[in-house]
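Presented below is the structure to which this report refers.
The values are calculated or read from the model by the stated rules, or taken from the named source; none is laboratory data. Computed from a predicted structure; not experimentally measured. FYI the Cβ positions are ideal-geometry reconstructions off the backbone, even for glycines, and counts take in every protein chain you see. Side chains included, ligands, DNA and RNA excluded: accessible areas come from the protein's heavy atoms. Shrake-Rupley method; radii C 1.70, N 1.55, O 1.52, S 1.80 Å.
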Protein chains: 2
Amino acid sequence: MSEQQATARLAEYAVAARAGDLPEAARRETLRSFVNVFGCMVGGSRHEAVEVAERALLPFAGPPEATVVGRSRRTDVLLASLLNCLSSSVHTYDDTHAEAIIHPSGPAAAAALALAERMPVSGADFLLAFHLGVEAACRLSKAVSVAPAKGSIAWSQTGICCGIGAAVTAAKLLALNEKGMRRAIGIAASQAAGIRAMHGSMCTPMMPAHSAQAGLRAALLAEAGFTTSESALEARYGFAACFAESANLAALTDGLGERFEILANTYKPYPCGIVIHPMIDACLQLKREHAIDHAEVEKVSIRANPAALALCDRRHPRDEFEAQVSLQHWTAAALARGRAGVRECGEEAIREPAIASLRERVEATADPAVAPDSADVEIALSGGRKVERKLRHCIGSAARPMTDAELEAKFAGLAEGVLPAEATAQLIADCWRLDELGDAAALARAAA
Amino acid sequence: MSEQQATARLAEYAVAARAGDLPEAARRETLRSFVNVFGCMVGGSRHEAVEVAERALLPFAGPPEATVVGRSRRTDVLLASLLNCLSSSVHTYDDTHAEAIIHPSGPAAAAALALAERMPVSGADFLLAFHLGVEAACRLSKAVSVAPAKGSIAWSQTGICCGIGAAVTAAKLLALNEKGMRRAIGIAASQAAGIRAMHGSMCTPMMPAHSAQAGLRAALLAEAGFTTSESALEARYGFAACFAESANLAALTDGLGERFEILANTYKPYPCGIVIHPMIDACLQLKREHAIDHAEVEKVSIRANPAALALCDRRHPRDEFEAQVSLQHWTAAALARGRAGVRECGEEAIREPAIASLRERVEATADPAVAPDSADVEIALSGGRKVERKLRHCIGSAARPMTDAELEAKFAGLAEGVLPAEATAQLIADCWRLDELGDAAALARAAA
C-alpha cells in the first residue's frame, strides 16, 4: 500500500491488531515501558506543576470518574488524562525512543488509564491499546522529524506526535472501526501542537499532557460521528506537509506488525534531558574512580553530540525546569555530589555554591562524530592533573538498557513519600502482570 | 522596543489598554465584529457538528455556569467556549481580516462570553478584551503568514493564531499583570494548532473552537501561576520560528495602540470561503441583468486570484463542509438559484441536478494580477452569446464593507428558527449598546 494512504494504513493496522499478535519481545518491552511511565506518573504527582494545574482546572471539572494518580481527588476522564500525563513527564524522567527522539508513553498511558475507569477494559486490551499508541507516535515522529525526513528541532516532537498516539490508543479501547480510527487520527492531527521554546518551564510537561487529553477527546469525538479529513497525515496541506520540510511517510507505514518501534524505547536513569546522560555517566565514573573533590576541579571539557548543545546548553538555570535541560548543571551536580537523582534538580541543588561554581567551569563543544549516547569528558584538576573518559553507550541507551530490576528500583524510589512501601511493591508486581488483570482500572485505583 | 521583546511588548500593551483609549472608529468596528460573530454563533448553534460535539463532550462537563448559545443546556465555562466558537464558525459565515486572512472574532468572543458568566464583566470591559484578542490574533497572523513574512498556506492561520488571541482576551478579563499576560500568551503558543487539510469537514470549525478553549485555559493556568517561556513568540525555537520560514515580528508589535487591525476586518455576505465571494457577486449580477436560465449556460470561465484555486478548487463536494470551500459549487448555485445563503450549501442544493450539472461547466484559472476581492467571470450561453463581468471589490470586502443594516439583516436571518423574532431584535439592539451594559453576560443568557 502506498504512502498516499498512510492514514488508512495506520488505521487498518490498529483496528485489526490483536493482543496475541504481539511477539514476546514487543509485549515485554511494552510492559517495561508501562512500568517505567507509571512509576513516573506516581512520582511526579506531588510536583508543583501538577498542583497548579489541578488548582486552575478543577473548578471546571466534570464527573469524578477517574483517578488522579498519587492524589486524593478523582476527576473527569478528560482532565484526569491531562493531569496524569503531566505527572508522568514533570520530572522529565519518562521514556525516550532512541530513534524517534520522543517521549511516547505518557500520553498513551494517561489516555488509556482514564478511559479504563469509564468502561470495562481488560489488562490485555489495555496493554495492546497502549502499545499501538506508542507505536503510532514513534513512527509518526520518524516520518516527520528524523532523517531522511527533514524536520525542524523547533517543534516539540513529543507534543506534535503523541496526541495522535493517544488518539490511536483511545480509539482502540473504544473499538472504533477503520473510519472511526481514521477520524480519531485526523481530529488529533488538527490539534497537534508543541514548540520547543517551552523547554525549561512547566509547559514542557504540559505539551504531552495537552496531547494526551486532545488525543483522547479526538477519539471520543470520532466515536460520536465528528468528521475530519480521513487522510490527515498525508493529505495536501496535511500533518506531514505542515511539520516536515520533506516527510518520509514510509517510516510510518512500512513493516507495521512486523517491525516494532517499542523495541527501541529507552528509560532514563537520570531525571533530565537524555542528551545529558552520557556526560553524567562519565562524571559519576570519573569521580568514583579518582575520588575527585569538586574543589580541585579547574575545568571540565566535553565533546558531545551537537543535539546536546542545541537542546541543553543552559549555563545558568533559574529553576528546576531550566536545570532539567542544563548540561552544565548536571555535569556539575554529578561531580559535586556523586549522584544524579530528582534531588539534584531541586532548588537546593541549583543554589548550592559548589554546584553553581562548577557550572561556570564546564565547557562543551559540539562534535558530530560523537554519537548521541556518548560523550568525551576531560577534567582538569588542580596541580595539572587530568583525567578523562570517552564514554560510549550511556546507561539507559538502546545499547545498554536499564534492567527490569533497575526499573523497579526507579519506580520504588519515585513512589517514596507518595504510596506506602507495601502498596508500591504490590503495584509494581501488578504492573508486570498487567495483561493478566481482568480490570486494568484497578491499577489506577491502587495508585490513588 | 525591539522585536526581540515581541511577547513582552504585546503583553505590556494589552495590560495597559483602557476602553477609553480606543478611537471611535476602532470601537465601532469592534462592535460591528461582535454583532456579526454573535449572529453567527446563534445561527450555527443547531448545526449537526455542534450537536455531535455536545453529545460527545457533555458526559465530561463540569458545573453548568455558562450558556451554550442557542441551545437548551448550560455547561462549564471551558466547554462553553469550545461549543460557542464551534457554532460561530460552523457555517463559515464569520469574519475575515482582509490582510491577516484569518477569522479572528469567534475564539475571542467565545472565550469572553464564557468567562463573563463566571465573574462580573461590564460591557465596556468585555468589548475592550474582545478587541485586544482580535488585534493580537490578526497581528500575529501578519507576523508569521503574510508577506513580507514567509509562512505556509498549509497551516490554518485561524487555528494557530486565534488561541493566543483568546488567551489575551481572557487574561485581560482576569486582570492579569504583565507577567501573567506573557504567560497566558506562552501557554497558548505551546498549544497553537491547525492544519488546512481539515477544510471541508467538521474539523474546520473545530480548529477555532479548540483554540478558543485552549486560549481561555491558558489564561486560567497563567492566573494560577503555571509557568512558561515568557518570550514564546520570538524565542529561539518559539512560535515564530515554528510557523514561519521567516517571520516579520514588526507586524505584531509596530504601532500597537496607534494602528488598529480591527479596521480591516470584513464580514461575509455569503456562508463560504471568502475567496469565492467575488465570483458569487459576479454571477448574481449577471444572472439578474441578463435573466440567465441555468439550462442555457454552456461554460463559466473564471480568472481568479491564485488563493481561490489553492483553497477552493473542489468540483465535487460530497457534503456541506466540502461545498463551503468549493468555488465550482457556489458559482453554480448562484447561477442556478440567484441567491447564495445557508440553504445554498445544504444537502438539497448539493444534490440539485441543475447545480450539479453546472459545477461541471465551471473552469477557473489562477491569475496573480487579479486581486483577492475581484474576479473576471465570462459566461458562454447557448447560441454563441457571451456575457462577462470584471468584478472588482466584492460585497463584504474592505473596499465595499457590509453596512450596519446588512449586518443586522444577516443576524436576523441567522437567528430565524433559533430565537423568537422579538428576542432577536432585542438582542441585536443590546449588542449595539454592548459597552453600556453593566453585565456582559446578559447577552449570553438572552441567546439561550
Grab the helices (runs of 4 or more DSSP H) fully contained in the stretch B:388-448, keeping just those with 2 or more residues being farther than 30 Å from residue B:377 by Cβ and without any contact (Cβ under 8 Å) to a residue 12 or more places away in the chain.
B:421-432
Please enumerate the residues belonging to the stretch B:172-208 that are on the phi < 0 side of the Ramachandran plot, of a type in the set (A, V, I, L, M) and more than 13 Å from chain A (Cβ to nearest Cβ).
B:173, B:181
Among the residues of the stretch A:169-182, the number that are of a type in the set (Lys, Arg), within 15 Å of residue A:9 (Cβ to Cβ) and either crowded, with 24+ Cβ neighbours inside 10 Å or touching a strand residue (DSSP E or B) at 6+ places or on another chain (Cβ under 6 Å) (or both) is 1
Criterion: of a type in the set (Val, Ile, Thr) and more than 23 Å from residue B:436 (Cα to Cα) - qualifying residue of B:30, B:75, B:67:
B:75
Mind checking which residues of the stretch A:128-144 are of a type in the set (A, V, I, L, M) and either surrounded by fewer than 24 Cβ atoms within 10 Å (Cβ to Cβ) or farther than 13 Å from residue A:37 by Cα (or both)?
A:128, A:129, A:132, A:136, A:137, A:140, A:143, A:144
Could you list, in sequence order, all residues of the stretch B:161-179 that are touching a Leu at 6+ places or on another chain (Cβ under 8 Å) and outside any loop (DSSP other than H, G, I, E, B)?
B:161, B:164, B:165, B:166, B:167, B:168, B:169, B:170, B:172, B:173
Restricting the search to the stretch B:3-18, which residues are open to solvent by less than 60 Å² (accessible area, probe 1.4 Å) and either within 16 Å of residue B:140 (Cα to Cα) or under 23 Å from the mean Cα position of the chain (by Cα) (or both)?
B:6, B:7, B:8, B:9, B:10, B:11, B:13, B:14
Of B:360, B:352, B:344, the only residue that is within 27 Å of residue B:318 (Cβ to Cβ), exposed (fewer than 15 other Cβ atoms within 10 Å of the Cβ) and out of contact with any strand residue (DSSP E or B) (no Cβ under 7 Å at 6 or more places or on another chain) is B:360
Among the candidates B:415, B:371, single out the residue that is within 25 Å of the chain's Cα centre (by Cα) and open to solvent by 40 Å² or more (accessible area, probe 1.4 Å).
B:371
Within the stretch B:219-268, tally of residues that are among the aromatic types (Phe, Trp, Tyr), under 23 Å from residue A:196 (Cα atoms) and surrounded by fewer than 23 Cβ atoms within 10 Å (Cβ to Cβ):
1
The stretch A:275-297: number of residues that are among the charged types (D, E, K, R), out of contact with any helix residue (DSSP H, G or I) (no Cβ under 6 Å at 6 or more places or on another chain) and either surrounded by 14 or more Cβ atoms within 10 Å (Cβ to Cβ) or within 19 Å of residue A:153 (Cβ to Cβ) (or both)
1
Could you check the stretch A:37-121 for helices (runs of 4 or more DSSP H) lying wholly inside it with 3 or more residues that are over 26 Å from residue B:220 (Cβ atoms) and either more than 14 Å from chain B (Cβ to nearest Cβ) or open to solvent by less than 10 Å² (accessible area, probe 1.4 Å) (or both)?
A:105-116
Just checking, does the stretch A:145-167 include any residue being over 17 Å from the mean Cα position of the chain (by Cα), crowded, with 24+ Cβ neighbours inside 10 Å and more than 8 Å from chain B (Cβ to nearest Cβ)?
no
Filtered residues of the stretch B:20-36 (kept if open to solvent by 40 Å² or more (accessible area, probe 1.4 Å) and either part of a loop (DSSP other than H, G, I, E, B) or in contact with a helix residue (DSSP H, G or I) (Cβ under 8 Å, 6 or more places away or on another chain) (or both)):
B:23, B:25, B:27
Mind telling me which of the residues A:222, A:212, A:235, A:241 ends up being within 10 Å of another protein chain (Cβ to nearest Cβ), in contact with a helix residue (DSSP H, G or I) (Cβ under 7 Å, 6 or more places away or on another chain) and outside any loop (DSSP other than H, G, I, E, B)?
A:222
Could you check the stretch A:192-228 and list, in sequence order, the residues that are without any contact (Cβ under 8 Å) to a residue 60 or more places away in the chain and hydroxyl-bearing (Ser, Thr, Tyr)?
A:227, A:228
Is it the case that some residue within the stretch A:405-422 is closer than 20 Å to residue A:96 by Cα and in contact with a Leu (Cβ under 7 Å, 6 or more places away or on another chain)?
no
